[in-house]
Amino acid sequence: MNELVTVFSKPACVQCTMTYIALDKAGVTYTVVDVTENTAALEYVTEDLGYSAAPIVVVDEHNHWSGFRPDRITALAQSRALDA
């Protein structure tokens with residue numbers, strides 16, 4: 001099952017841009033939420049998840065990370081290919 005991945009981002013974020021590129025190359029569908037425009041999203045990633053740096057990639061409640069992590073993106077794409 002391919003749930004939608006959410007990338008919590010901010011403008012002019014180089015690591016965010018690299019994350020989008022890697023997700024695109026891996027064929028992972030995602031949506032972007034700008035934490036500078038969405039207070040609830042900012043509270044979620046900082047208070048609930050405990051992150052302080054963008055991007056924050058959320059696959060599900062147990063699978064999420066912060067920063068540009070090509071290793072995690074590759075693993076995500078591989079697990080989704082196995083599920084397909």
Can you tell which of THR74, THR19, THR6 is in a helix (DSSP H, G or I), touching a residue at least 24 places away in the same chain (Cβ under 8 Å) and buried (at least 18 other Cβ atoms within 10 Å of the Cβ)?
-> THR19
Subset tally (residues that are in contact (Cβ under 8 Å) with a residue 40 or more places away in the chain and surrounded by 15 or more Cβ atoms within 10 Å (Cβ to Cβ)) for the range 52-68 | 8
Is at least one residue of the range 30-39 over 21 Å from THR74 (Cβ atoms), of a type outside the set (Asp, Glu) and without any contact (Cβ under 8 Å) to a residue 12 or more places away in the chain?
-> yes
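Bear in mind these aren't lab numbers, they're just calculated from the coordinates by the rules spelled out. Just so it is clear, the model here is predicted, and its values are computed rather than measured. Ideal geometry is used to build each Cβ from the backbone, glycine not excepted, and the neighbour counts take in all protein chains shown.
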